[in-house]
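We did not get these values from a lab; they are worked out from the coordinates using the rules stated. This one's a predicted model, so the numbers in the text were calculated from it and none came from an experiment. Please note: Cβ atoms are built from the backbone with ideal geometry, for glycine as well, and neighbour counts cover all protein chains shown.
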Amino acid sequence: MSARYRLPCPCGRDVPVRLSQAGESIVCECGKSLEIPTLRELRRLDRVEPSTGRARRTVWGRRQVWISGGLIVTVLGLSYLVYLQWTRPQRVDVETLSPAQTWMLWQELRLGANRVPSRAAREAAKEELSHQVSTVIAILAVSAGVLTMGAAYVLIKPATSARRRLLRSGPNASKST
């Protein structure tokens, strides 16, 4: 990157110019046309100090904010779905029951569909229902996140460079010039 120098304008602003622009004309933000001096005279001007950090700050528009929000909701919903899958209630494997447990299960099942379920059966059914509701909520969250990202991409126009400059400088910047 070549060195940059400050070319003073009668309006009081300093316009940064490069050595490669020597002898050319440039227009200041105020609208005045400035002649860039020769290479020898240009080197006598004050240099523009290179910035230590990133010179240009990026400004997010509404589109990026909504897409990022949708992405966060989607990732959280997917993470919750993985957690639910990992911690889902396990069904009773009849093959692993002891003979006494098998006999108690048979006694409960032989009463039929009109029976009053045991306390353990009620708790298992409640846990299963809670897991199913949580799964539906997680799927809805993922869907909402994906729909938000899609709607933001389709419906919200990206910020143009002029709108970005306005956002970066603030609402009163255009009135001051």
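Rounded if a/c is under 1.5, else prolate if a/b is larger than b/c, else oblate: which is region 118-162, with a ≥ b ≥ c the root eigenvalues of its Cα gyration tensor?
Values: a/c = 11.40, a/b = 6.86, b/c = 1.66.
Prolate, since a/c reaches 1.5 and a/b exceeds b/c.
Give me the distance in nm between label points sitting 7 Å out from Cα along the Cα-to-Cβ direction at residue 104 and residue 155, one decimal.
Each label point lies 7 Å from its Cα, and together they span 5.5 nm.
Using the Kirkwood radius built from alpha carbon pairs, what does the Stokes-Einstein equation give as D for region 62-167 at 4 °C and 1.567 mPa s, in µm² per second? Could the numbers behind the result be given before it?
Values: Rh = 17.9 Å.
The diffusion coefficient I find is 72 µm²/s.
Can you tell me how region 4-49 classifies by the Cα gyration tensor, rounded, prolate or oblate, using a/c under 1.5 as the rounded cut? Present the calculation step by step, with values, prior to reporting the outcome.
Values: a/c = 1.99, a/b = 1.35, b/c = 1.47.
Oblate.
Treating only the Cβ of Lys, Arg, Asp and Glu as charged (+1, +1, -1, -1), what charge dipole size does region 16-142 show about its Cα centre? Round to the nearest 20 debye. Walk me through the numbers before you get to the answer.
Numbers: 18 positive and 12 negative charges, 71 e Å.
Charge dipole of region 16-142: 340 debye, to the nearest 20.
Modelling each spin label as a point 7 Å along the Cα-to-Cβ direction, I'd like the residue 118/residue 11 distance in nm, to one decimal.
Output for this residue pair reads 8.7 nm.
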